[in-house]
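Worksheet: one structure, shown below.
Only the coordinates and a few stated rules stand behind these numbers; no lab work does. Being a predicted model, the structure only gives us computed values, none of them experimental. All Cβ positions, even for glycine, are placed from backbone atoms using ideal geometry, and neighbour counts span all protein chains on display.
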Amino acid sequence: MFIKFITAILIAVFLPACAVKQTKPDFDISILQKQIDEVDQKVEDLLKTVSVIQTRADEQERIINDLKNGMKNENEKDLSPSDSSPLLKSAEELYNQAFVFYKDKSYEEAHSLFISISSNYPKHKLADNALYWAGECLYDQKKFSDALFFFEKVIKDYPESDKVADSLLKIGYTYMALGDPASARIYLIKVVRNHPFSPSGAKAEEKLKNMKMD
């Protein structure tokens, strides 16, 4: 591109000179030589300017590439797990941390961690407990319909869990909160019949007595 540009300049300069020479045969050769020297100087100046422009263009391209690479690295950092990422911690660590949140009544944070355990460690010994407490977090926020899902999931996914009795009891409580005492009674009776000697069984029996009195 630059060569074409320079060639065009040379043509533009030389054509008038040739025309002068044709119309004036006695034209002094020294004048033509001077013009050629001037063109050479202009070409040299242009080449210097082009070199400067190219250098600046290269520098701009380098800066742009650095910026792109910097953004790419930042994105990769965002996508990579941090030290606090749940997957970098054991189920026990997550469970303990979730309980800290729960006791502080930071229910949303606790719920998120409990869910992380049940999702990422479904066969862990704490998975059923985590699922139950995920429901408790919602229950304490009065999100009763959502809480039902997790209590029922404990019974469905972990039928041999020691949290089944607690889940049945909580389902009974949840139906009471939702204004459905008939359904609540069904689940409370299940607790008493299936888990008579458990703490949940005692609570269910007490609740049923109070319901009769009401």
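Computed quantities for the displayed model
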item	result
Derived scalar couplings ³J(HN,Hα) [segment 146-155; Karplus, 6.51 cos²θ - 1.76 cosθ + 1.60; whole Hz; x for Gly, Pro]	5, 5, 3, 4, 6, 5, 5, 5, 4, 5
Residue-wise HN-Hα coupling along segment 185-199, computed from phi with Karplus coefficients 6.51, -1.76, 1.60 (Hz; x: Gly, Pro)	4, 4, 6, 5, 5, 4, 5, 5, 6, 8, 9, x, 9, 8, x
Cβ crowding within 10 Å averaged over residues, with 105-113, 35-43 ranked highest first	105-113, 35-43
Whole-Hz ³J(HN,Hα) from phi, Karplus 6.51 cos²θ - 1.76 cosθ + 1.60, for segment 91-107, glycine and proline x	4, 5, 5, 4, 4, 5, 5, 4, 5, 4, 4, 4, 5, 7, 6, 8, 5
Among the listed pairs 125/153; 123/153; 89/142, those beyond 26 Å (Cα-Cα)	89/142
